Amino acid sequence: MLFVFLACSGPTPLDTAPAEIPRGALSLAFPLASSAPIDQLVGVDHDPTVQQGIDQLICTNYAEQGFPWCYDEHHGSDYMLDGGFTAMDAGSLEILAAADGVVVDIEDGHYDRCHGDLDGVNCDGEPMVSNKVVIEHQSPDGPHRTLYFHMMKDSVSVAIGQQVRCGDVLGKVGSSGNSSAPHLHFELQGPQDQVIDPYAGPASQPETWWTEQGALEGYPSSQCADSD
Ligand SMILES: [Zn+2]
């Protein structure tokens, strides 16, 4: 159903399209095991127009596809957990650090069974707060951040200030916060907090930020870049 894809928020509502930035030294591994049972990518919107109502379905992803491959003003890449809450209850999926870095923010302990209904997202009366991890990555172009949202309650397995390596487990996929179904919202931000779509494509930057982007409607490689 359509509304399932419409409720997911990053931390910073922006009123501009994602920045088109040449890839720096940062190289990202896919933040889930690439063989994991995930459903489609709901990606970053490259259309700068802010829509209202039903027109929130108007969007352009990196490959110039529209809804349901994106939705208006979406600033991250959503990977939907195949099997929804049943799969989450069966152990869910581990979320992995996309690159080496330092944990700069976490949130945990919040209700993780928020779900979509006809009014939007319903957290059954619990506060709509996302469990999350934010990692800062140093690069020659300045610090970048990767953000991991909507985690399972009490699954965050890192602490603020902790050094992590690419591939380290950060937590598990859940449905906390403004989330209509279990999924990972993965977001990349540049040194000026600008949203960057890691995917290369005709509506995005020409060079991918993934170590390997993979085929359209496939998934990037979870192979980490060479690191020291
Ligand atoms: Zn999202």
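What follows draws every value from the coordinates through simple rules; no lab data is involved. On a predicted model such as this, the values are computed, not experimentally measured, just so you know. Methodologically, a virtual Cβ is constructed for each residue, glycine included, from the backbone with ideal geometry; neighbour enumeration extends over all protein chains shown.
Worth pointing out:
- Here the chain was treated as a single set of alpha-carbon atoms; its pair distances binned every 10 Å from 0 give 9, 36, 39, 15, 1 percent.
- In a reduced charge model with +1 at each Lys and Arg Cβ and -1 at each Asp and Glu Cβ, the range 114-228 shows a dipole moment near 240 debye about its Cα centre.
- Along each principal axis, Cα extent of the range 148-228, largest first, Å: 38, 37, 28
- Vicinal HN-Hα couplings computed from phi for the range 188-205 (Karplus, 6.51 cos²θ - 1.76 cosθ + 1.60; Hz; Gly/Pro x): 10, 10, x, x, 9, 6, 6, 6, 10, 7, x, 7, 8, x, x, 9, 10, 6
- Per-residue Karplus couplings for the range 154-167, computed as 6.51 cos²θ - 1.76 cosθ + 1.60 with θ equal to phi - 60°, are listed in order as 6, 9, 5, 10, 10, 10, 4, x, 6, 7, 10, 9, 3, x Hz, Gly and Pro entered as x.
- Per residue, the convex hull spanned by the alpha carbons of the range 107-180 comes to 99 Å³.
- Label-zone membership for the range 25-42, site residue 217, 7 angstrom Cα→C-beta point, backbone N under 16 Å: 38-42
- Here the calculated FRET efficiency for residue 226 and residue 85, from their Cβ-Cβ distance with R0 = 45 Å, stands at 0.75, rounded to the nearest 0.05.
- Top positive-direction residue, dipole computed over the range 1-211 with Cβ charges, set 150, 48, 170: 170
- Residues considered: 100, 82, 117. Largest GNM mean-square fluctuation over the chain, using C-alpha springs under 10 Å, is found at 117.
- Along the axis of the charge dipole computed for the chain (Cβ charges of +1 for Lys and Arg, -1 for Asp and Glu, origin at the Cα centre), the listed residues 98, 77, 180 are led at the positive end by 98.
- Neighbour net charge for residue 110 - beta-carbon separation under 9 angstrom, K R +1, D E -1: -3
- Check: the chain dipole with +1 on Lys, Arg Cβ and -1 on Asp, Glu Cβ, in debye: 360 debye
- The label point for residue 122 and the one for residue 104, both projected 7 Å from the Cα toward the Cβ, are 3.8 nm apart.
- Whole-Hz ³J(HN,Hα) from phi, Karplus 6.51 cos²θ - 1.76 cosθ + 1.60, for the range 119-132, glycine and proline x: 9, x, 9, 10, 9, 6, x, 8, x, 8, 10, 7, 6, 7
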